[in-house]
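S.K.: Have a look at this one.
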Amino acid sequence: MIYYPIRVAKFAFFWLDWMLLTAVLYLTSFLPKPWLDRFYPAFFRVWCKAFVRAIGVQLRLHQKNAKPLPKQFILIANHPSAFEDIGVPALFNVYSLAKEEVRNWWIVGRISWAAGTLYVQRESRESRRAAADQMVDELAKGKSIAVYPEGGCKGRRIFTSFRHGAFDISMRTGIPIVPVFLHYEAQENFEWGSTHTLVEKVWHFMTAPNNHVNYYIFDAIEPGQFTSKEDYNQHVYNLYLQWQAKYLE
């Protein structure tokens, strides 16, 4: 009998905590951008962790890497859900590439912009080229970035191909790729559909029959062992197909 009141109280506390953080981050997002760059990304990661707690998701990191992660890297991951927008920065100190529409999301868009999120119009070649140049610039500053090579949410299974962008940037800069495979145990609830709104998906996350989310991290892949971005891409794509067969089939 006492279990449910305690659970409700816990969720109420987590939601209050997240809402207070949201208010603080939203208000401070109007400070000059040079000021924000000094502290905002770290607080954005705290905000993401608070959001994960508030919606009741059990986010688990599985360290499959045998070697320590490099100090700087390009993180790539499959992209079945909108949850990655908070799940990845909750676990990794990275600056994410997101679709242009995220910038316009109410409150959340403003916070993501202030945190240094990079944006791209995925169907525009010119926009993808500009985003790639911006990622190279950010990497030159010593940052790590996160990219989804499927080119958007393509469903709960790996798409038919990866785009070359992340692999081209890795070869141009010499910065290794760290692959992360994402596994949502309640795949239907977490999968992003073309008709879903952000509010609907948050509700789906909260009411999922299985709230466990597994992020498997593997050893960094050095670009120097490949002669072309196409070979690099295909090698990593084949790894994702193997992980899919292991964790999803």
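S.K.: With a 1.4 Å probe and every protein chain kept in, tell me what percent of the accessible surface of the range 9-116 is carbon plus sulfur.
M.R.: On the way: 3500 of 5530 Å².
Of the solvent-accessible surface of the range 9-116, carbon and sulfur hold 63 percent.
S.K.: Farthest toward the dipole's positive end in the range 187-249, which of Tyr237, Val202, Gln225, given Cβ charges of +1 (Lys, Arg) and -1 (Asp, Glu) about the Cα centre?
M.R.: Val202
S.K.: Of the heavy-atom accessible surface of the range 143-249 (probe 1.4 angstrom), what whole percent is carbon and sulfur? Walk me through the intermediate numbers first.
M.R.: Values: 2440 of 4860 Å².
Carbon and sulfur together cover 50 percent of it.
S.K.: Related question: Dipole of the chain, Cα-centred, from +1 at each Lys and Arg C-beta and -1 at each Asp and Glu C-beta, to the nearest 20 debye? Can you show the working numbers first?
M.R.: Details: 28 positive and 22 negative charges, 102 e Å.
Approximately 500 debye in magnitude.
S.K.: Kirkwood hydrodynamic radius of the range 1-52 from all distinct Cα pairs, in Å? Show your work: numbers first, answer last.
M.R.: Working: mean 1/r = 0.0806 Å⁻¹.
It works out to 12.4 Å.
S.K.: Let me know the shape class of the range 86-170, please: from the alpha-carbon gyration tensor, a ≥ b ≥ c as square roots of the eigenvalues, rounded when a/c is under 1.5, otherwise prolate if a/b is greater than b/c, or oblate. Spell out each step's value before the answer.
M.R.: On the way: a/c = 1.33, a/b = 1.11, b/c = 1.19.
Verdict is rounded for the range 86-170.
S.K.: Rounded, prolate or oblate: which fits the range 153-249 when a ≥ b ≥ c are the square roots of the eigenvalues of the alpha-carbon gyration tensor, with rounded for a/c under 1.5 and prolate only if a/b beats b/c? Intermediate values should be presented prior to the final figure.
M.R.: On the way: a/c = 2.51, a/b = 2.09, b/c = 1.20.
Judged from the Cα gyration tensor, the range 153-249 comes out prolate (a/c at least 1.5, a/b above b/c).
S.K.: Right, next: Given axes a ≥ b ≥ c from the Cα gyration tensor, I'd like to know whether the range 1-139 is rounded (a/c under 1.5), prolate (a/b larger than b/c) or oblate.
M.R.: Working: a/c = 1.91, a/b = 1.43, b/c = 1.34.
Prolate, because a/c is 1.5 or more and a/b exceeds b/c.
S.K.: Oh, and also: What number of lysine-lysine pairs in the chain show an alpha-carbon separation below 14 angstrom, given a sequence spacing of 8 or more or placement on distinct chains?
M.R.: So the count works out to 4.
S.K.: Where does each of Val120, Val108 land when they are ordered by accessible area, with a 1.4 Å probe and the largest first?
M.R.: Details: Val120 10, Val108 35 Å².
Largest accessible area first, the residues go Val108, Val120.
S.K.: What number, rounded to the nearest 500 deg cm²/dmol, is the helix-based mean residue ellipticity at 222 nm of the chain, given -39500 (n - 2.57) per DSSP H run of at least four residues and division by all its residues? Each step should come with its number before you reach the end.
M.R.: On the way: 9 runs with 120 residues, N = 249.
After summing the helix terms and dividing by the residues of the chain, the value is -15500 deg cm²/dmol.
S.K.: Right, here's the next one. Helix hunt in the chain: which complete DSSP H runs extend at least 15 Å axially by C-alpha with mean Kyte-Doolittle at least 1.0? If you can, show how the numbers build up before the last one.
M.R.: Values: long enough: 3-28 (38 Å, 1.04); 33-54 (30 Å, 0.01); 125-140 (23 Å, -0.92); 229-247 (27 Å, -1.47).
Span-like helices, by this rule, are 3-28.
S.K.: At q = 0.10, 0.11, 0.14 Å⁻¹, what log₁₀ I(q)/I(0) does a Debye calculation on the Cα points of the chain give, no solvent, two decimals?
M.R.: For the chain at q = 0.10, 0.11, 0.14 Å⁻¹, log10 I(q)/I(0) is -0.49, -0.59, -0.97.
S.K.: Among 34-43, 132-141, 209-218, what's the highest-first ranking by average C-beta atoms within 10 angstrom per residue?
M.R.: Details: 34-43: 13.6, 132-141: 15.2, 209-218: 16.7.
Highest mean packing first, the order is 209-218, 132-141, 34-43.
S.K.: Please work out the average accessible area per residue across the range 101-231, using the 1.4 Å probe convention, and give it in Å². Display every interim value, and only then the final one.
M.R.: Values: 6410 Å² over 131 residues.
For the range 101-231, the solvent-accessible area averages 49 Å² per residue.
S.K.: Can I ask one more? Using a simple charge model, +1 on the beta-carbon of Lys and Arg, -1 on the beta-carbon of Asp and Glu, nothing else, what dipole does the range 63-210 show about its Cα centre, in debye to the nearest 20? Intermediate results must be reported in sequence, preceding the final value.
M.R.: On the way: 18 positive and 15 negative charges, 84 e Å.
Dipole about the Cα centre, nearest 20: 400 debye.
S.K.: Could you tally the net charge around Glu126, taking each other residue with its Cβ under 14 Å from the Cβ of Glu126, Lys/Arg +1 and Asp/Glu -1? Intermediate values should be presented prior to the final figure.
M.R.: Working: positive: Arg122, Arg125, Arg128, Arg129; negative: Glu100, Glu123, Asp133.
Residues close to Glu126 contribute a combined charge of +1.
S.K.: Need the C-alpha centroid separation for the range 164-241 versus the range 16-76, integer Å.
M.R.: 18 Å
S.K.: How much length is gained on full extension from Glu230 to Leu198, taking 0.36 nm per residue of separation minus their Cα-Cα distance? Walk me through the numbers on the way to the answer.
M.R.: On the way: separation 32, 0.36 × 32 = 11.52 nm, distance 3.42 nm.
Here the segment from Glu230 to Leu198 would lengthen by 8.1 nm.
S.K.: Can you pull the accessible area of Arg128 for me, 1.4 Å probe, Å² to the nearest 10?
M.R.: Only protein atoms counted, so the area is about 80 Å².
S.K.: While we're looking at this one, here's another question. Could you give the size of the charge dipole of the range 57-133 about its Cα centre, using +1 on the Cβ of each K and R and -1 on the Cβ of each D and E, expressed in debye and rounded to the nearest 20?
M.R.: Working: 11 positive and 7 negative charges, 61 e Å.
My answer is approximately 300 debye.
S.K.: Now for a separate question. Using a Förster radius of 45 Å, what is the FRET efficiency between Val8 and Val136 based on their Cβ-Cβ separation? Nearest 0.05, please.
M.R.: Working: r = 48 Å, r/R0 = 1.07.
Approximately 0.40, to the nearest 0.05.
The values are calculated or read from the model by the stated rules, or taken from the named source; none is laboratory data. Owing to the predicted nature of the structure, the values given are computational and were not obtained by experimental measurement. Methodologically, a virtual Cβ is constructed for each residue, glycine included, from the backbone with ideal geometry; neighbour enumeration extends over all protein chains shown. Accessible surface is based on the protein model in full, side chains and every heavy atom, while ligands, DNA and RNA are left aside. Shrake-Rupley method; radii C 1.70, N 1.55, O 1.52, S 1.80 Å.
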